[in-house]
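Below is one structure, written out as structure tokens; comments come after it.
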Amino acid sequence: MSVSQIDFDRLLKLRLAIGRFGEMDHAGWWNTQGQLGSLGASALSRGFPGTHHFAQARSVFAVAAYRCAEVFDPPKCVTLWRLSQEIEEQFDARWEYWLDHAKDWRPFFQRLESLPSANLSEVLRSLQLVDDQDLQALSRLRRSAEDRAVPLPGFFSSTDSGVTLLALAFARGEKGALAVPYARVEEA
């Protein structure tokens with residue numbers, strides 16, 4: 001699976017937006033309370049003055065990934081929190097670069113602190129992470145029969161649009177009722 005078509009800055013922004021939206025003070029999907037909000041920033045900024053936002057992110061990502069796997073963990077599939085090993089390795093390799101440029105990310109983290117809406121599609125649009133074509137693709141997605149998952153059609157494409165749809169499909173969940181978006185991967 002080639003990762004050359006994935007913008008890792010965009011993937012980070014998508015994970016941050018979904019991570020923040022899923023917290024208890026918004027959708028209530030995972031058990032973090034404002035960790036990516038101003039409360040988390042004030043709690044961690046003393047110990048991590050320059051990089052506290054990324055410490056906040058790591059903790060929310062871990063909780064969100066665990067909760068999603070607990071709700072629905074399909075074999076031979078990817079989710080926003082568990083992409084291919086190659087993608088995850090390149091994402092992790094980029095982390096040091098982001099830490100070195102943490103001040104450049106401050107405005108984005110500050111926008112996340114107080115989300116503008118209770119509607120995930122609107123949030124992602126306001127952050128300029130989705131467009132009309134993405135929203136059209138979302139309109140065709142439905143929750144699975146057991147309401148725990150949102151299957152994406154076809155196989156996962158290692159592209160920005162594939163990752164964006166994995167993130168946007170969280171909008172099929174409801175407050176307090178997580179539905180985990182997933183896509184099948186082609187076997188080699």
Query raised in the report: If a residue has to be assigned to a strand (DSSP E or B) and within 13 Å of the chain's Cα centre (by Cα) to count, how many in the stretch 149-188 make the cut?
Result: 3
Report task. Go over the candidates Ala167, Ala179, Ala171 one by one and state the one that is within 19 Å of Pro75 (Cβ to Cβ), crowded, with 22+ Cβ neighbours inside 10 Å and small (Gly, Ala, Ser). Result -> Ala179
Query - Selected residue (criterion: surrounded by the fewest Cβ atoms within 10 Å (Cβ to Cβ)) from residues of the stretch 42-73 that are at pLDDT 90 or above and part of a loop (DSSP other than H, G, I, E, B) - result: Asp73
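Which residues, taken from the stretch 111-140, are in a loop (DSSP other than H, G, I, E, B) and either among the acidic types (Asp, Glu) or touching a residue at least 40 places away in the same chain (Cβ under 8 Å) (or both)? First the steps, then the outcome.
Let us first name the residues in the stretch 111-140 that are in a loop (DSSP other than H, G, I, E, B), namely 114-119, 127-131, 140.
Result: Ser114, Leu115, Ala118, Asn119, Leu127, Leu129, Asp131.
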Query raised in the report: In the stretch 141-154, is there at least one residue being touching a residue at least 60 places away in the same chain (Cβ under 8 Å) and either at positive phi or surrounded by 22 or more Cβ atoms within 10 Å (Cβ to Cβ) (or both)?
Result: yes
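Residues that are in contact with a Phe, Trp or Tyr (Cβ under 8 Å, 6 or more places away or on another chain) and under 23 Å from Leu152 (Cα atoms): does the stretch 99-113 have at least one? Give the steps one after another, and end with the answer.
Taking the stretch 99-113 as the starting set, the residues that turn out to be in contact with a Phe, Trp or Tyr (Cβ under 8 Å, 6 or more places away or on another chain) are 99, 102, 105.
The next check asks that each one be under 23 Å from Leu152 (Cα atoms); those that pass are none.
The answer is no, given that none of the residues of the stretch 99-113 is in contact with a Phe, Trp or Tyr (Cβ under 8 Å, 6 or more places away or on another chain) and under 23 Å from Leu152 (Cα atoms).
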Report summary line: Flagged pairs (Cβ under 8 angstrom, 6 or more apart or on separate chains; first in the stretch 164-188, over 10 Å from Ala27 (Cβ atoms); second of a type in the set (Asp, Glu) and in a loop (DSSP other than H, G, I, E, B)) are Ala179/Asp147
Query - Candidate set from the stretch 103-129 (those that are in contact with a His (Cβ under 8 Å, 6 or more places away or on another chain) and surrounded by 17 or more Cβ atoms within 10 Å (Cβ to Cβ)); member that is nearest to His26 (Cα to Cα) - result: Leu115
Query raised in the report: What tally of residues in the stretch 74-93 results from selecting those that are out of contact with any Cys (no Cβ under 7 Å at 6 or more places or on another chain) and either in contact (Cβ under 8 Å) with a residue 40 or more places away in the chain or not in a helix (DSSP H, G or I) (or both)?
Result: 13
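The values are calculated or read from the model by the stated rules, or taken from the named source; none is laboratory data. Being a predicted model, the structure only gives us computed values, none of them experimental. Here the Cβ is made from the backbone with ideal geometry for all residues, glycine too, and neighbour counts use every protein chain on show.
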